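Peer 1: For reference, the structure I am asking about is given below.
The values are calculated or read from the model by the stated rules, or taken from the named source; none is laboratory data. As the structure is a computational prediction, the values presented were derived from the model and not from experiment. When we count neighbours, we look across all protein chains shown, and the Cβ atoms used for this are built from the backbone with ideal geometry, even at glycine. Note: accessible area is taken over every heavy atom of the protein model, side chains too, but ligands, DNA and RNA are not part of it. Shrake-Rupley method; radii C 1.70, N 1.55, O 1.52, S 1.80 Å.
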Amino acid sequence: MLPTDSAKRLSFKRNVSDGDLVIVYERHDNMKAVKVCESAVLQNRFGVFKHSDWIGKPFGSKVFSNKGGFVYLLAPTPELWTLVLSHRTQILYIADISFVIMYLEIVPGCLVLESGTGSGSLCTSLARAVAPFGHVYTFDFHEQRAASAREDFERTGLSSLVTVGVRDIQGQGFPTEFTGKADSVFLDLPQPWLAIPSVGKMLKQDGILCSFSPCIEQVQRSCETLTSNFTDIRTFEVLLRTYEVREVKMNSFQGYEGCCSITIEFPPCKRRHRPTEESDELKDSSPPVVMARPSSEARGHTGYLTFARLKCLA
Ligand code: SAM
């Protein structure tokens, strides 16, 4: 069986073409998604970048503006898409997403049900995990959100792996056509316990459910409902700790708690050794070190992830 077009678009060993979606990277916290159009330009604080200069370059290339400024052109992976997508709702981020995909045991070929679709952040990663032969059916009761998600999946080239439906999953449950067919189900709903009886019908034997809830009271109600049909019920909170990596001079370094240092070799740099009014020769002679310390802007609580496996009836 040949991989689908979507699956091919998920492998990025290729060059930028007219019409492609690229992630224009300035810094790790400054990226945007841009559709390449031969006649268009991108303008930012570094100058004017002609899209025509990008066409034919490999993804990952550094490209220059009329003023000599530069950006990188990155392929639109699900990881980057989560960082650049338009937020129409709260979204799941990479730490929760990776945990969900691992614990739901999602592999190529799986059939996954999801509700709500929201901004499609998790769904983009689900689509890649089931590619090339699986499928994600995602439902949101908000028509405009569902339509915007469909447009995004077209842009990211995932539309043959994802079907977006409009449905009140808490009120109606998942469509009966999926009964006994889902390998896993993911819920990000305000009252997930209302959808759990339907999830029990949709899952294959041994299938797994994950429900994401920001509040512990939601988790408690979900767990109460889960006990009748599910086993191996476990709740996790994923707290990601990120570190800022900075280059500092040993002489000016006073030390701070919780930081570790790595001394690294730098190539000769005239500018670094030139004395200035602020830095004397003594400071400049000290070896530079790279410091890593916990980021002050680290994301804290996002939500609780409750996993449960459908009880075997036999
Ligand atoms: N996990 C998504 C992501 O990563 O982008 C975000 C989901 S968002 C927080 C929750 C979504 O659930 C909203 O888009 C909302 O419209 C949808 N929703 C709320 N109640 C619903 C219901 N009864 N049936 C279907 N969707 C519902």
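Peer 1: Here are some conditions: (1) surrounded by 22 or more Cβ atoms within 10 Å (Cβ to Cβ); (2) part of a loop (DSSP other than H, G, I, E, B); (3) outside the structural domain of Lys201 (by TED's automatic domain parsing). Ile106 meets all but one. Which one does it not meet?
Peer 2: So Ile106 meets the others, but not (3).
Peer 1: Right, next: Between residues in segment 63-77 that are within 13 Å of Arg27 (Cα to Cα) and residues that are exposed (fewer than 15 other Cβ atoms within 10 Å of the Cβ) and small (Gly, Ala, Ser), which pairs lie under 8 Å by C-beta distance while being six or more apart or on different chains?
Peer 2: Listed pairs, sorted by first residue: Tyr72/Gly60; Leu73/Gly60; Leu74/Gly60.
Peer 1: Let me ask something additional. Filter segment 295-314 down to residues that are under 14 Å from Leu226 (Cα atoms), in contact with a Lys or Arg (Cβ under 7 Å, 6 or more places away or on another chain) and either assigned to a loop (DSSP other than H, G, I, E, B) or modelled with pLDDT under 85 (or both), then give me how many there are.
Peer 2: Qualifying residue count, segment 295-314: 0.
Peer 1: Sort out which residues of segment 68-86 are open to solvent by 30 Å² or more (accessible area, probe 1.4 Å) and more than 16 Å from the ligand (Cβ to nearest atom), and write them in order of number.
Peer 2: Listed by number, the residues that qualify are Gly68, Phe70, Tyr72, Leu74.
Peer 1: Starting from residues that are under 17 Å from the mean Cα position of the chain (by Cα), among the hydrophobic types (A, V, I, L, M, F, W, C) and not in a strand (DSSP E or B), keep the ones in segment 123-139 and report whichever is nearest to the ligand (Cβ to nearest atom).
Peer 2: Cys123
Peer 1: Mind checking which residues of segment 98-140 are closer than 21 Å to Ser160 by Cβ and β-branched (Val, Ile, Thr)?
Peer 2: Across segment 98-140, the qualifying residues are Ile101, Ile106, Val107, Val112, Thr117, Thr124, Val130, Val136, Thr138.
Peer 1: Another question, then. In the set Gly116, Gly120, which member is at pLDDT 95 or above and within 16 Å of the chain's Cα centre (by Cα)? Spell out how you get there, then give the answer.
Peer 2: Numbers: Gly116 fails: within 16 Å of the chain's Cα centre (by Cα).
One residue alone meets the criteria, Gly120.
Peer 1: I want to confirm something. Restricting to segment 140-159 and keeping residues that are within 9 Å of the ligand (Cβ to nearest atom) and not hydrophobic (A, V, I, L, M, F, W, C), which single residue is surrounded by the fewest Cβ atoms within 10 Å (Cβ to Cβ)? Explain how you work it out, then say what you get.
Peer 2: So the first thing to find is which residues in segment 140-159 are within 9 Å of the ligand (Cβ to nearest atom), and the list is 140-142, 145-146, 149.
Cutting the leftovers down to not hydrophobic (A, V, I, L, M, F, W, C) gives us 140, 142, 145.
Values: Asp140: 29, His142: 16, Arg145: 19.
The extreme case among them is His142.
Peer 1: Of everything in segment 60-98, what is assigned to a loop (DSSP other than H, G, I, E, B), within 11 Å of the chain's Cα centre (by Cα) and hydrophobic (A, V, I, L, M, F, W, C)? Give them in sequence order.
Peer 2: Leu85, Ile91, Leu92
Peer 1: May I pose another question? For Thr225, indicate whether it is within 16 Å of the ligand (Cβ to nearest atom), at pLDDT 80 or above and closer than 30 Å to Ala308 by Cα. It would help to see each step written out before you state the result.
Peer 2: On the way: within 16 Å of the ligand (Cβ to nearest atom): yes; at pLDDT 80 or above: yes; closer than 30 Å to Ala308 by Cα: yes.
For Thr225, the condition - within 16 Å of the ligand (Cβ to nearest atom), at pLDDT 80 or above and closer than 30 Å to Ala308 by Cα - is met.
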